[in-house]
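Working notes for the structure below.
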Amino acid sequence: MRIAVMGAGSIGGYFGGMLAQGGHEVTLVARGAHLEAIRRNGLRVVRDDHEFLLACPSQVQVTGDASRIGPVDLVLLTVKTYHNAIAIPAMRPLVGADTAVLVLQNGVDSYQAAAQVLGPERVLPGAAYIEASLSAPGVIRQTGSVVRIAFGEAEGRDSPRGPRIQQALEASGVPAQFTADIHKTLWTKFLFIATLAGVTSLARQTLAELLPRPEWRQVVVACLREIEAVGRASGVKLEPGVVEKTLAYMEESLEQLQASMHADLMAGRPLELEALNGAVVRAGRLAGVATPINDVIYAMLKPCVGGKPTGKVARLDGGTEQTAGIWRLGV
């Protein structure tokens, strides 16, 4: 397959690198020092058990201009959602009559931005499960055993392209599932990440610091239940006990959980607030479900959505926290 990755940072770079190693013709759309490093040295993917280097341009190609690529079979959209206004229109030259656009972004409604510009018939909503970071320009670091992509047609129908994309991913070493109920999948992940990102960003502390404290545990659980209520009222068939299962996972993985929005906030970068807690508020209004926890998270973080200068940041416990050196996890 001819594949383009729009936004080849940590997540896009990993999946693009795996697909290129699997024998597909992959072009990464990157920028800045990352772009120049791949051009000069190739793309290096480092995993816990092994690493590999893809030479450029013989094994993987890279560009800063999507219009130079031409129509492809598959586009992976992996930019942060706040870049959609620029990135999605720039993807038009990539989209031909049979192109599929697989959206691997945070949120439950993020794929709609691509559908509005490129056509709903082109777009496949998806969810990526991976811990990855850009450890240096041109170097992707993937950690842990959880690597998976789930995706489906927005209408829940079957399609010939779904199994083809799943097969391409799996043959390249990326576990994948083409599901008939992608909205259930998206909301199950969303319930977790919107709570993790929203509460830890609000408090300027990690979940490992917050969850053992009864007052914050109550906030975490209330946020989970609030998002569950919005999802069910929106017609999503979430599993029974989804909140309990999510909370159990949080408790088991406390030391490893660090939301990218929290890391972005502490580093003064822009926030995916609209795709996360903002999406809860919007969906709640449409479904007629009150969202007081997410209303507060959204209101408190809205002034920071465009990014702030780095330095010491006030925390809700009255202390301060340095923003430098925060590890960013791609969730």
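The values are calculated or read from the model by the stated rules, or taken from the named source; none is laboratory data. Note that the coordinates shown come from a computational prediction; the quantities given were computed from them, not determined experimentally. Positions of Cβ are backbone-derived with ideal geometry, glycine not excepted, and every protein chain shown enters the neighbour counts.
Can you find even one residue in the range 232-240 that is of a type in the set (S, T, N, Q), under 18 Å from the mean Cα position of the chain (by Cα) and under 28 Å from Val305 (Cβ atoms)?
Just the residues of the range 232-240 that are of a type in the set (S, T, N, Q), to begin with: 234.
Pick out the ones that are also under 18 Å from the mean Cα position of the chain (by Cα) and you get none.
No - not one qualifying residue is present in the range 232-240.
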Margin query: If Arg232 satisfies all but one of (1) surrounded by 15 or more Cβ atoms within 10 Å (Cβ to Cβ); (2) touching a residue at least 24 places away in the same chain (Cβ under 8 Å), what's the number of the condition it fails?
Written below: (2)
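Quick one: in the range 130-141, of everything that is modelled with pLDDT of 95 or more and not aliphatic (A, V, I, L, M), which residue is farthest from Ile86 (Cα to Cα)?
First, the residues of the range 130-141 that are modelled with pLDDT of 95 or more: 136-141.
Add one more test, that the residue is not aliphatic (A, V, I, L, M), and what stays is 137-138, 141.
On the way: Pro137: 22, Gly138: 23, Arg141: 27 Å.
That would be Arg141.
A quick yes/no check of all residues on (1) closer than 20 Å to Arg141 by Cβ; (2) out of contact with any Gly (no Cβ under 6 Å at 6 or more places or on another chain); (3) outside the structural domain of Gly152 (by TED's automatic domain parsing):
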| position | (1), (2), (3) |
| --- | --- |
| Gly23 | no, yes, no |
| Ala30 | yes, yes, no |
| Cys56 | yes, no, no |
| Lys80 | yes, yes, no |
| Val108 | no, yes, no |
Notebook entry, point to check: How about the range 138-233: which helices (runs of 4 or more DSSP H) wholly inside it have at least 2 residues that are in contact with a strand residue (DSSP E or B) (Cβ under 8 Å, 6 or more places away or on another chain)?
Noted result: 161-171, 182-203
Next item on the list: Determine which member of the set Asp98, Asp48 is closer than 30 Å to Leu271 by Cβ, assigned by TED's automatic domain parsing to the domain that holds Ile140 and charged (D, E, K, R).
Entry: Asp48
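When the residues of the range 111-135 are filtered to those that are among the polar types (S, T, N, Q) and not in a strand (DSSP E or B), which remaining residue is surrounded by the most Cβ atoms within 10 Å (Cβ to Cβ)? First the steps, then the outcome.
Residues of the range 111-135 that are among the polar types (S, T, N, Q), as a first pass: 112, 116, 133, 135.
Filter once more, so that each one left must be not in a strand (DSSP E or B): 112, 116.
Details: Gln112: 16, Gln116: 12.
Per the stated criteria, the residue is Gln112.
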Next item on the list: Residue by residue through the range 1-21, note down the ones that are closer than 14 Å to Gln59 by Cα, in contact with a helix residue (DSSP H, G or I) (Cβ under 6 Å, 6 or more places away or on another chain) and not β-branched (Val, Ile, Thr).
Entry: Met1, Ala4
Notebook entry, point to check: Only one residue in Ala259, Ala203, Ala233, Ala222 is modelled with pLDDT under 95 and of a type outside the set (Phe, Trp, Tyr). Which one?
Noted result: Ala259
Margin query: What's the number of the only condition in (1) surrounded by 15 or more Cβ atoms within 10 Å (Cβ to Cβ); (2) hydroxyl-bearing (Ser, Thr, Tyr); (3) more than 15 Å from Tyr298 (Cβ to Cβ) that Ser253 fails to meet?
Written below: (1)
Next item on the list: Could you tell me which of the residues Gly198, Gly268 is touching a Gly at 6+ places or on another chain (Cβ under 7 Å), more than 30 Å from Ala100 (Cβ to Cβ) and assigned by TED's automatic domain parsing to the domain that holds Cys304?
Entry: Gly268
Notebook entry, point to check: In the range 54-88, which residue that is aliphatic (A, V, I, L, M) and part of a helix (DSSP H, G or I) is farthest from Ala127 (Cα to Cα)?
Noted result: Ala66
